[in-house]
Protein chains: 2
Amino acid sequence: MKEQKKAPISKQTLNRMPAYFLYLKKLDFQEHQSISAAAIANDLNLNEIQVRKDLAAVSSSGGKPHKGFDICTLIEDIKAYLGYDDVNNAVIVGAGKLGQALLCYDGFSEYGLNILAAFDADPTVIHRSINSKYVYPMEKIPEICHLLNIQIGIITVPAAYAQLVCDQLVDSGIRAIWNFAPVLLNVPQKILVQNENMAVSLAILSKHLAVKLQEK
Amino acid sequence: MKEQKKAPISKQTLNRMPAYFLYLKKLDFQEHQSISAAAIANDLNLNEIQVRKDLAAVSSSGGKPHKGFDICTLIEDIKAYLGYDDVNNAVIVGAGKLGQALLCYDGFSEYGLNILAAFDADPTVIHRSINSKYVYPMEKIPEICHLLNIQIGIITVPAAYAQLVCDQLVDSGIRAIWNFAPVLLNVPQKILVQNENMAVSLAILSKHLAVKLQEK
DNA sequence: TTATTATCGATATAAATTTATCGATAATAA
DNA sequence: TTATTATCGATAAATTTATATCGATAATAA
């Protein structure tokens, strides 16, 4: 009866995990077999102790004195922790430029995201495939979502339509929304919303740049 | 000799600013003239005191008892604070789907970002305009950047080319990079890098969803 | 006019996160 | 074998961020 339960991981640690993941995967191609927290910290511009703590939180086997962490094991641990091993079925609503960009990017499967279909209102884009994913007319949302057991809806429609689309997705049984429209969606408690808010990044960039230019 | 200097704003507060901005702008279209911190907190699912503190940090005139904050003034204050009033000239390198999506989105000017041109290596996309922005061949990066006094470079090329492009941009005098490629860029200290890392969002979504599905 | 109320802002407390310290341990070198 | 060193992990201290408390104030109601 051991069931060694780790403490829940902090939000900030979770935020850094994908960076570790990317970093380690790149290393994995190269010669190395293990790596120290200090080295990672140096490359990612983080604090060494922070890295050690972050890794300790997900690592199954821990690090070894004088060697560090085994890269392969760590990658697997992070994958397992972040749920990249679980497959999540998703659809995209809005097959404009951004929607198409996401449809064409095949790297999401790396993270367990499986985009199965798209929807759009524009008659010139529906009823054809983009990167082997069929674009259905909007009316088909409920039918397809139920049929394919879709859990994630990705919203890439213009801001004005986002809430409408969101409501339809929720009614169609999806559990989570990845929202690229610059609006705050209204959803029932049980639905998870992740906003991909470019305005936030832009604001931070803009702010930092302004500060930097002034310093000069 | 007053020069009332406000305390520097915390990172977390800065992160929330764009959300306030979007929210207030939407309100502005409607009847209201002022709004309380409590109401904002309620709508954005934040803590009331947090909102009050955040707004106090940027507000020029403060809120009024029994009324709250003046919406218009607050919008202007946030705009000024985030530097949305300053114009930043930018170019996009990589006119693929994602690059085109960004080129076609006219909403960035709202945030002071002015995308003036694009670059690509693909002969089928260069020498034509996308949403009135000309796509130049890669070689033109230094010339155009200097000519147009570009401060921000947006990278939307495949991961493998990102570092190369980054180096070229830095050599061409840009000050900040908005990086959409899933790689960690190496830049001189003086250059600002903002990573738009979709994998981070996806990881968080994935993780939260996994937790939620387990609970059920 | 006076009381009541909604709201703010300042100060204080609590919680989360980051960073520092230090003893333990496995790899390497002497 | 023994000493040295790089590294970890645990615990502690410091910092940052979030939340609570409470007196002050302007709008409204009595």
**Criterion (under 18 Å from B:Ala101 (Cβ atoms), at pLDDT below 90 and polar (S, T, N, Q)) met by exactly one of B:Asn179, B:Asn195** = B:Asn195
**Request:** Mind listing whichever residues of segment B:47-91 are more than 16 Å from DNA strand C (Cβ to nearest atom), within 21 Å of B:Asp28 (Cβ to Cβ), in contact with a Leu (Cβ under 9 Å, 6 or more places away or on another chain) and aliphatic (A, V, I, L, M)?
**Result:** B:Leu82
**Prompt:** What residue, of B:Gln12, B:Gln33, is within 28 Å of A:Gln194 (Cβ to Cβ), open to solvent by 90 Å² or more (accessible area, probe 1.4 Å) and either more than 8 Å from DNA strand C (Cβ to nearest atom) or away from chain A (no Cβ under 14 Å) (or both)?
**Reply:** B:Gln12
**Request:** Could you tell me whether any residue of segment A:47-56 is within 12 Å of DNA strand D (Cβ to nearest atom) and modelled with pLDDT under 95?
**Result:** no
**Which numbered condition A:Gln33 misses (of (1) among the polar types (S, T, N, Q); (2) within 11 Å of DNA strand D (Cβ to nearest atom); (3) in contact with a strand residue (DSSP E or B) (Cβ under 9 Å, 6 or more places away or on another chain))** = (2)
**Complete:** Apart from one, (1) open to solvent by 50 Å² or more (accessible area, probe 1.4 Å); (2) within 12 Å of DNA strand D (Cβ to nearest atom) all hold for B:Cys72; the odd one out is (2)
**Complete:** Of the residues in segment B:87-107 that are assigned to a loop (DSSP other than H, G, I, E, B) and either away from every other protein chain (no Cβ under 11 Å) or touching a residue at least 24 places away in the same chain (Cβ under 8 Å) (or both), the one that is farthest from B:Ala160 (Cα to Cα) is B:Val87
**Fill in**
Inside segment B:152-177, the number of residues satisfying the requirement of being farther than 20 Å from A:Tyr23 by Cβ and at the interface with chain A (Cβ under 9 Å from one of its Cβ atoms) is 4
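The values are calculated or read from the model by the stated rules, or taken from the named source; none is laboratory data. These numbers come from a predicted model, not from an experiment. Backbone-built Cβ (ideal geometry, glycine too); neighbour counts: all protein chains shown. The accessibility values were calculated without ligands, DNA or RNA, using every heavy atom of the protein model including side chains. Shrake-Rupley method; radii C 1.70, N 1.55, O 1.52, S 1.80 Å.
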